[in-house]
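The values are calculated or read from the model by the stated rules, or taken from the named source; none is laboratory data. Keep in mind that what you see is a predicted model, and the values were worked out from it rather than measured. Cβ: placed from backbone, ideal geometry, glycine included. Neighbour counts: every protein chain shown.
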There are 2 protein chains.
Amino acid sequence: MTGDNITTYPVDTVNRVKRLHDRGAYDHATIHALLDAAMLCHVSYVIDGQPYCTPTLYWREGSRLYWHGSSASRMLRNLSGGEPACLTVTQIDSLVLARCGFNHSVDYRSVMAFGQARLVSDQAEKERALVMMVDRLFPERTALLRQSSHQEIKATAVIFMDIERASAKIRTKGIGDNEEDYRLPIYAERIPVNTVLGKPEPCPRLLPAVKRPPTLDGYREGRPLEDSLAEAYRASYPD
Amino acid sequence: MTGDNITTYPVDTVNRVKRLHDRGAYDHATIHALLDAAMLCHVSYVIDGQPYCTPTLYWREGSRLYWHGSSASRMLRNLSGGEPACLTVTQIDSLVLARCGFNHSVDYRSVMAFGQARLVSDQAEKERALVMMVDRLFPERTALLRQSSHQEIKATAVIFMDIERASAKIRTKGIGDNEEDYRLPIYAERIPVNTVLGKPEPCPRLLPAVKRPPTLDGYREGRPLEDSLAEAYRASYPD
């Protein structure tokens, strides 16, 4: 799974994509590109038979995913021994209005990743991960910040999961009506959905001489969030 | 839970919001408003001890949530008897760059809803639900479409879940640095994140006389998706 010469995640009944009209992919390149262009995931885990679906921020290093939470959160109390988890990332790209209800759809890109979630318990590794949690989004930012206190580090839990299985599902086809339905006098369209950055709002309490560092140039008004995230990822993990 | 005079979901260890610096809410008004302004959810469920986190489209009727899937999907085979599920909806509103790593955050709104997921097996109720799946997004659209075939209805599964417990978490505060950190010469900002509609793209194969129906006026370029969705919801469920 970690060798450079193995470029797909294994496929079995857990992660095989079943719906044939959506494209399933298992290769590292497709899956990692989707993961590196996003920041929000939903993580599923089970406590006493009850499934939880928790939104959180995540990032990737190789085939390892990291996410974070409060040390007090219920999600984390059960994870020290390794608990099965599923981390999913989804981007909606358009609404698809077809000529019948059945062909109404959305264009989207998603990744489901499966593995065993574990707490990062080694202190040095945890501190490194907390740096990357910020710097993966805002390259080299941690060096400009007030250093984290011991208490802050203690209050944040970092979880990691080595991806054992993963799949991507991508729908890009827009309108896909049955051939005979194109002859009907019914309106159909695709409505793009874009997640973009607004105008950055500097803190009103900035000290007078403090300017926006050039390392934030990638975050500018009107740019798709995913482009800023992918660029920041490449700056932080240049290999 | 369904009476008009009961306006909050019950709170216990499953849904109590633990992190005090985020605002937790349990009232129907807050939770339903968030649910009705979105279309994408992630649903967690468990098969053989393995949690799955599946993205799908959902909608709400009262305290009941509906979502759909392929009849062939692995998610649905286990649900006929009622299976514990958690449905989560999350909206990121901004990236928050603070003066220390610990106070970096995002403004966001999310809902977690818990209950027992079940297949809609009654045929008339299923057909009604499939109409609402489209009309909830695009009011009165089904009446303009080619009717669904028996096979199409059979191929689509509709799941419902009565919300037994739910919580909303909302962070809106932007930058929240420790008071003493505001004296440091460190740049901080809030970057808004907006999910907006692009320019609708009519199907290139429209018949010549077919025009965009006025019922789609709510979907226009540059509008926040959540505004279009909330408006469409109110048109479909006017009470």
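Within segment A:103-123, the set of residues being modelled with pLDDT of 95 or more and hydrophobic (A, V, I, L, M, F, W, C) comprises A:106, A:111, A:112, A:113, A:114. Filter segment A:110-128 down to residues that are touching a helix residue (DSSP H, G or I) at 6+ places or on another chain (Cβ under 8 Å) and not polar (S, T, N, Q) and give me whichever is surrounded by the fewest Cβ atoms within 10 Å (Cβ to Cβ). By that ranking, first place goes to A:127. Taken over segment B:138-174, the residue count meeting the criterion of being within 7 Å of another protein chain (Cβ to nearest Cβ) and part of a loop (DSSP other than H, G, I, E, B) is 3.
Specify the residue that is farthest from residue A:46 (Cα to Cα); the eligible residues are those in segment B:17-33 that are surrounded by fewer than 17 Cβ atoms within 10 Å (Cβ to Cβ), touching a Lys or Arg at 6+ places or on another chain (Cβ under 9 Å) and at pLDDT 80 or above. Of everything passing the filter in segment B:17-33, B:23 is farthest from residue A:46 (Cα to Cα). Evaluation of residue B:70 against the conditions (1) surrounded by 15 or more Cβ atoms within 10 Å (Cβ to Cβ); (2) at pLDDT 95 or above; (3) polar (S, T, N, Q) shows that the sole unmet condition is (2). Taking segment B:160-197 as the range and being touching a Lys or Arg at 6+ places or on another chain (Cβ under 9 Å) and under 19 Å from residue A:194 (Cα atoms) as the test, the residues that pass are B:191, B:192, B:196, B:197.
So, in segment A:34-55, exactly how many residues are without any contact (Cβ under 8 Å) to a residue 12 or more places away in the chain and touching a Leu at 6+ places or on another chain (Cβ under 9 Å)? Explain how you work it out, then say what you get.
Just the residues of segment A:34-55 that are without any contact (Cβ under 8 Å) to a residue 12 or more places away in the chain, to begin with: A:48-51, A:53.
From the residues that got through so far, the ones that are touching a Leu at 6+ places or on another chain (Cβ under 9 Å) too are A:53.
Result for segment A:34-55: 1.
The set of residues in segment B:76-91 that are crowded, with 22+ Cβ neighbours inside 10 Å and of a type in the set (A, V, I, L, M) comprises B:85, B:87, B:89.
So how many residues does segment B:179-198 have that are over 30 Å from residue B:32 (Cβ atoms) and touching a strand residue (DSSP E or B) at 6+ places or on another chain (Cβ under 7 Å)? Outline the logic, then answer.
Keep residues of segment B:179-198 that are over 30 Å from residue B:32 (Cβ atoms), which gives B:179-189.
Keeping just the survivors that are touching a strand residue (DSSP E or B) at 6+ places or on another chain (Cβ under 7 Å) gives B:181, B:184, B:186, B:188-189.
Selection size over segment B:179-198: 5.
Anything in segment A:26-66 that is in contact with a strand residue (DSSP E or B) (Cβ under 8 Å, 6 or more places away or on another chain) and assigned to a helix (DSSP H, G or I)? List them, or say none. Selection gives A:28, A:30, A:31, A:32, A:34, A:35, A:36.
I'd like to know if segment A:187-207 contains one or more residues that are more than 30 Å from residue A:142 (Cα to Cα) and assigned to a loop (DSSP other than H, G, I, E, B). Please lay out each step first, then the result.
Applying the first criterion (more than 30 Å from residue A:142 (Cα to Cα)) to segment A:187-207 yields A:187-193.
Retained after the next criterion (residues that are assigned to a loop (DSSP other than H, G, I, E, B)): A:187-188.
Checking segment A:187-207: at least one residue is more than 30 Å from residue A:142 (Cα to Cα) and assigned to a loop (DSSP other than H, G, I, E, B).
Residue check: residue A:127 meets all listed conditions (1) touching a Lys or Arg at 6+ places or on another chain (Cβ under 8 Å); (2) more than 8 Å from chain B (Cβ to nearest Cβ) but one, namely (1). Selection of segment A:115-147 for residues being among the polar types (S, T, N, Q) and more than 20 Å from residue A:236 (Cα to Cα) yields A:116, A:121, A:123. Filtering segment B:94-123 to residues that are within 14 Å of residue A:57 (Cα to Cα) and under 15 Å from the mean Cα position of the chain (by Cα) leaves B:108, B:109, B:110.
Every residue, every condition in (1) surrounded by 18 or more Cβ atoms within 10 Å (Cβ to Cβ); (2) more than 8 Å from every other protein chain (Cβ to nearest Cβ), yes or no:
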| position | (1), (2) |
| --- | --- |
| A:176 | no, yes |
| A:179 | no, yes |
| A:188 | yes, no |
| A:192 | no, no |
| A:203 | yes, no |
| A:208 | no, yes |
| A:211 | no, no |
| A:221 | no, yes |
| A:225 | yes, no |
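Is at least one residue of segment A:41-48 modelled with pLDDT of 95 or more, aromatic (Phe, Trp, Tyr) and closer than 17 Å to residue A:161 by Cα? Within segment A:41-48, none of the residues are modelled with pLDDT of 95 or more, aromatic (Phe, Trp, Tyr) and closer than 17 Å to residue A:161 by Cα.
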